[in-house]
Structure formats: structure tokens, C-alpha cells
Amino acid sequence: MPGFKGHIAGSLAATGAVLGGAWWLGLYRPEPKVMAILAALAVLGSLFPDVDTNSKGRHLYYGAAVIADAALILKGLYRYAALLGFCALLPAVGSHRGWTHTWWAGLVIPSPIVIGPMMLMGLAWQILLPFYLAAVLGYYSHLLLDGTF
């Protein structure tokens, strides 16, 4: 079972492989800034299943969440800040290797990436789909590396 560095490496390898394949096939060719965001979402997705334990992944995940939440509050985007805060609390409900290590959680947990901007900003789901899929890919890479998929 890998530690947080192994999960980060696994998510980046999976994201690189999928993005490289999509690029090579001509299916999806995002600009470098978008690729960096996709990689960051995959890494965060890969760390999420273990945020219910006292781990380095937990500190990285919640550190990123605090920074993002503070930025949203400073910009006056209180709905987004509340949504992020709600989602950050979810791992506290359950035990380690409980619901956070299930295949369905890998689909449900990243869903605010699509649902939030659709409902709050009216964005089309097609624009948001790559970001959701990156988080799902990172989440599933965690489950695969833990042998719980």
C-alpha cells in the first residue's frame, strides 16, 4: 500500500497516460494551463480517500482546501466557499477504508466539480467534464494502488 507520494505519482502517471493518449488520438488537446489544473485535480482526487486519517495527504488536501476557501471568501464567492467547506467535511463521516474507498465514492465525491458551476454559474457540463474526469481518474488510481478497487 503506497503512501501519499505513491498516490501522487500514481495519479500523475495515470493522468499523463490518459492525456497523452487523448492528445495523440486528437480527442482532447488542452493548453498547458488546463493540463496543470487537470493534473492538480487528479492529485487531489488521489489524496481524498485517505483524508480520514492523520496523514501527509490529509495535510496537503486540507491545506489546498483552506487556500481555495480563503480565496473564494476574499472574492466574495460565499456559495462556492460554503460548497467547498461542506465537501471538505465529508470524510469525517465514516471510518478509514470505509465509504471513501468505494468505487461509487470515486464518482460521487468529484461531482461538485460539475454540479456546482452548472448550478451557480450556468456553465455547460461539457466544459466541466474533463475536470471531473481528472478527479475521478486520480481517485480511482488511489483505489487501484490500495488494491480496493
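Here are some notes:
- Listing of helices (runs of 4 or more DSSP H) fully contained in the stretch 1-98 that carry 1 or more residues being under 23 Å from Ile115 (Cβ atoms) and at pLDDT below 85: 56-74, 78-89
- The stretch 77-88 residues that are touching a residue at least 40 places away in the same chain (Cβ under 8 Å), paired with ones that are buried (at least 18 other Cβ atoms within 10 Å of the Cβ) and assigned to a helix (DSSP H, G or I) (beta carbon under 6 Å, 6 or more apart): Tyr80/Leu72
- Neighbours by Cβ (under 8 Å, 6+ apart or cross-chain): first from the stretch 54-76, within 20 Å of Pro2 (Cβ to Cβ); second of a type in the set (Phe, Trp, Tyr): Ser55/Phe4; Lys56/Phe4; Gly57/Phe4; Leu60/Phe4; Tyr61/Phe48
- Subset of the stretch 48-93 (residues that are closer than 20 Å to Leu107 by Cβ, surrounded by fewer than 18 Cβ atoms within 10 Å (Cβ to Cβ) and more than 14 Å from the chain's Cα centre (by Cα)): Phe86, Leu89, Val93
Per-residue answers, yes or no, for (1) of a type in the set (A, V, I, L, M, F, W, C); (2) over 22 Å from Phe149 (Cα atoms):
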| position | (1), (2) |
| --- | --- |
| Pro2 | no, no |
| Trp24 | yes, yes |
| Ala36 | yes, yes |
| Ala39 | yes, no |
| Gly45 | no, no |
| Arg58 | no, no |
| Ile67 | yes, yes |
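- Residue match in the stretch 126-147 (condition: more than 14 Å from the chain's Cα centre (by Cα), in a loop (DSSP other than H, G, I, E, B) and within 22 Å of Phe4 (Cα to Cα)): yes
The values are calculated or read from the model by the stated rules, or taken from the named source; none is laboratory data. Fair warning: this is a prediction, and the values are worked out from it, not measured in the lab. We place every Cβ from the backbone using ideal geometry, glycine too, and count neighbours over all the protein chains shown.
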